[in-house]
Structure formats: C-alpha cells, structure tokens
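Chemist: Sending over a structure as structure tokens; questions will come in a sec.
What follows draws every value from the coordinates through simple rules; no lab data is involved. The structure presented is a predicted model; accordingly, all values stated were derived computationally and were not measured. Glycine gets a Cβ as well: all are built from the backbone with ideal geometry, and neighbour counts include every protein chain shown.
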C-alpha cells in the first residue's frame with residue numbers, strides 16, 4: 001500500500017508536468033497549458049459548488065423524510081473528491097475531476113465504487129443472542145478500588 005501511494009504521489013505529478021510541457025511545446029505557446037488548467041479549474045469549481053448545493057439539499061430532504069440518503073451522501077463524497085482533484089494543477093486530474101461532476105459519469109463511478117466495496121468488505125449482522133432490545137438488559141455489579149487512596153490511608157496510619 002505504501003508503495004502504491006509513493007508511486008501515486010511521485011509518478012502522477014511527473015506525468016502531469018510532462019503533459020503540460022508537451023502541450024506547450026506542441027502549441028509553441030507556453031500560456032495555452034496554463035490557460036487550460038486555470039479555465040478547467042474555475043469551471044470545475046463553479047460546477048462543484050452548484051452540484052454540491054443541490055446534493056446538500058437532497059440530503060436534507062431525505063433526512064427530513066426519515067430516510068438515510070445513502071446515494072446522495074455518496075454523491076457528496078464524490079463531488080468533494082472532484083473538487084480536490086480540480087484544485088490539483090494538471091490535465092489528467094482536471095479531466096477526472098470534471099468527469100466526477102457530470103451526473104452520468106458519476107453514476108458510473110458510483111456503481112463501480114459500490115461493487116468494489118461489496119467485494120472488499122463484508123457486512124455482518126448481530127445475532128439474536130447479542131441483540132440489545134429495549135426491554136432486556138444485562139447488569140453487572142462491580143466496584144472500583146482506587147489504589148492511591150489505599151496507599152494514602154496506609155501512610156497516614158504509620
């Protein structure tokens with residue numbers, strides 16, 4: 001896992017920088033890659049803000065109706081992740097961030113993410129023996145002995 005993170009944080013910036021330099025070299029204009037990164041970042045931030053507010057409203061509506069808005073919460077996480085990607089300068093991260101903000105693409109990512117979670121995590125329900133019901137409780141009698149008090153009493157007696 002550490003190796004994967006190391007490669008992610010070293011190779012991705014190198015690939016991004018190489019793409020920006022190649023694009024600047026191909027167009028013979030240094031400002032074109034910079035303009036693309038700035039415009040995609042601003043457009044993505046505006047789109048993320050708009051979709052973030054819409055998702056927040058859907059979460060509030062679901063909670064007010066007594067439902068757990070799991071799909072909207074997952075949308076919110078993906079929109080937040082898209083915003084983080086858009087803050088990172090580069091073409092690949094901007095493309096991935098903007099694709100996370102497009103609802104049909106986000107739906108594709110959500111289904112893949114849910115499938116990944118189902119394959120890698122196991123949900124276990126509590127059995128009826130360990131299930132805590134409101135009318136049934138287990139009480140354990142106990143008491144606490146503070147050793148500092150007992151040593152203080154012993155020193156005072158001496």
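Chemist: Just rank 11, 123, fewest to most, by other beta-carbon atoms within 10 angstrom. Walk me through the numbers on the way to the answer.
Modeler: Values: 11 10, 123 6.
Ranking 11, 123 by Cβ neighbours within 10 Å, fewest first, gives 123, 11.
Chemist: What do the square roots of 5 times the Cα gyration tensor eigenvalues come to for region 15-68, in whole Å, largest first, as semi-axes of the equivalent ellipsoid? Don't jump to the answer; show the numbers that get you there.
Modeler: Details: eigenvalues 334, 23, 4 Å².
Over the Cα atoms of region 15-68, the ellipsoid semi-axes are 41, 11, 5 Å.
Chemist: Also, quick follow-up: What order do you get for 25, 75 when you list them from fewest to most C-beta neighbours inside 10 Å?
Modeler: Working: 25 11, 75 23.
Going from sparsest to densest Cβ surroundings: 25, 75.
Chemist: Let me ask something additional. What ranking of 106, 147 emerges when the number of other C-beta atoms within 10 Å of each C-beta is taken as an exposure proxy, fewest first?
Modeler: Details: 106 19, 147 7.
Least crowded to most crowded, the residues run 147, 106.
Chemist: Moving on. Per q in 0.19 Å⁻¹, report the Debye log10 I(q)/I(0) for region 37-120, using one uniform scatterer on each alpha carbon and no solvent.
Modeler: Listed by q, the Debye log ratios stand at -0.82.
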